[in-house]
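Here the structure comes first, spelled out in structure tokens, and everything after it is commentary.
Read the figures in this text as sums done on the coordinates, not as results from a lab. Fair warning: this is a prediction, and the values are worked out from it, not measured in the lab. Heads up, the Cβs are rebuilt from the backbone with ideal geometry, glycines too, and the neighbour counts pull from every protein chain shown.
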Amino acid sequence: MTAARDRVERERQFHDALIREGHKTIATKEWWETPGGRVRFERRIALLKAACITLKAPQRARVLVIGCGDGEWVNRISEFADVTGIDLSPLIVAQASSRLKDTAHARVEVGDVHELRFAMNTFDVCFANSVLHHLDLPIALPEVRRVLRPGGKLVAAEPNRNNPQVRWMYRSTKNRSRYGLTPDEEAFSRKSINVLFRQHFEGVSVSHFDFWHPLLGHKSDTSLLFRSVLALERLPLIKRISGSLWITAEKRRS
């Protein structure tokens, strides 16, 4: 646990420094804030909403967002669920808190997924976007499982280590600095995710996802280009170099 706490502290200091100095990484700007980045963002939101609906929770689903960032994920999710966002960085949480739009259904707080303060069976869904590779998963995954209700789901998107651009980003200190990558993080492959998750969850599914590069800009969901690019996610061999992995896993019901 000491190693995990040391890693958490390095992550906290790294992201506090980004906020304190007013920096946004190239990755943040390109992948979520450009027109093409918004396509990727909204697609994730749609898939998460579908996962919440399939749970058939008695009221609005209860969602924990691991790594709430600037609050944009929390705001969108609060449109269809009761959402709590956590982040290691007090500065990030303060920023997110000031941007919340629906405080009746959304809140954010400082929290560490390795030591969650929530009771067992609190949430229907735990969601993490490009966060799991920052964590010590053998410690974090049991905590996530603990706070999920029986039948609840962990839903996540992760960079795909087999994607050429992702490999390039992680391969040198210079690249890591340019894209705002922390010293401890490393992307997963589909195989490595499967191995880790099956130790703690059932119904694990890891799909190749995200051939829509931000440079492609914004296109209608019905456009030929959009449909053609998404079709790559289903092609054998080619799909292995997808930009991301979409992960779902379920807590055993009994």
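Can you list which of the DSSP-assigned H helices in the chain have a Cα extent of 18 Å or more along the long axis and an average Kyte-Doolittle score of at least -1.0?
The qualifying helices are 35-55.
For segment 91-150, what mean projected area does the convex hull of the alpha carbons give, in nm²?
Hull-based average projected area comes out at 4.8 nm².
Between exposed trypsin sites (Lys or Arg not before Pro) in the chain, where DSSP calls loop and at most 16 other Cβ atoms lie within 10 Å, what's the longest gap?
Here the longest segment lacking exposed loop sites spans 118-170.
Going through segment 171-212, which GluC sites (Glu not before Pro) have at most 14 other Cβ atoms within 10 Å and a DSSP loop state?
In loop regions of segment 171-212 (DSSP not H, G, I, E or B), the sparsely surrounded GluC sites (Glu not before Pro) are E186.
What does the charge count around H200 come to, taking other residues whose C-beta lies under 11 Å from its C-beta (Lys +1, Arg +1, Asp -1, Glu -1)?
Here the charged neighbours net out to +2.
Summing +1 for each Lys or Arg and -1 for each Asp or Glu, what net charge is found among the other residues whose Cβ lies under 9 Å from the Cβ of V125?
Here the charged neighbours net out to +1.
Hey, can you grab everything whose amide H is under 5 Å from the amide H of G217? Only 5+ residues off in sequence or another chain; H modelled, so Pro and N-termini drop out.
G36
Considering Cα pairs under 8 angstrom that are at least six residues apart, work out the relative contact order of the chain and quote it in whole percent.
Here the relative contact order equals 20 percent.
For C126, enumerate residues with amide H under 5 Å from its amide H, sequence gap 5+ or separate chain, H modeled in the peptide plane.
For C126, whose amide H was placed from the backbone, the distant partners under 5 Å are L64, K153, L154, V155.
If you restrict to DSSP beta bridges whose two residues both lie in the chain, what percentage is antiparallel, to the nearest 5?
In the chain, DSSP labels about 40 percent of beta bridges as antiparallel.
For segment 70-196, what is the largest minus smallest coordinate of the Cα atoms on each principal axis, given in angstrom and ordered from greatest to least?
44, 33, 24
Counting only C-alpha contacts under 8 Å and six or more residues apart, can you give the relative contact order of segment 1-130 as a whole percent?
26 percent
Using just the helices of the chain, give the 222 nm mean residue ellipticity in deg cm²/dmol: DSSP H runs with n ≥ 4 each add -39,500 (n - 2.57), and the total is spread over all residues, rounded to 500.
It lands at -11000 deg cm²/dmol.
Consider the candidate values (i) 0.94; (ii) 0.99; (iii) 1.09; state which one is Rg/Rh (Cα atoms, Kirkwood Rh) computed from the structure displayed.
Only one option fits the structure, namely (i).
Which whole-number percentage describes the relative contact order of segment 64-132, with Cα contacts under 8 Å and a sequence gap of 6 or more?
The normalised contact order for segment 64-132 reaches 39 percent.
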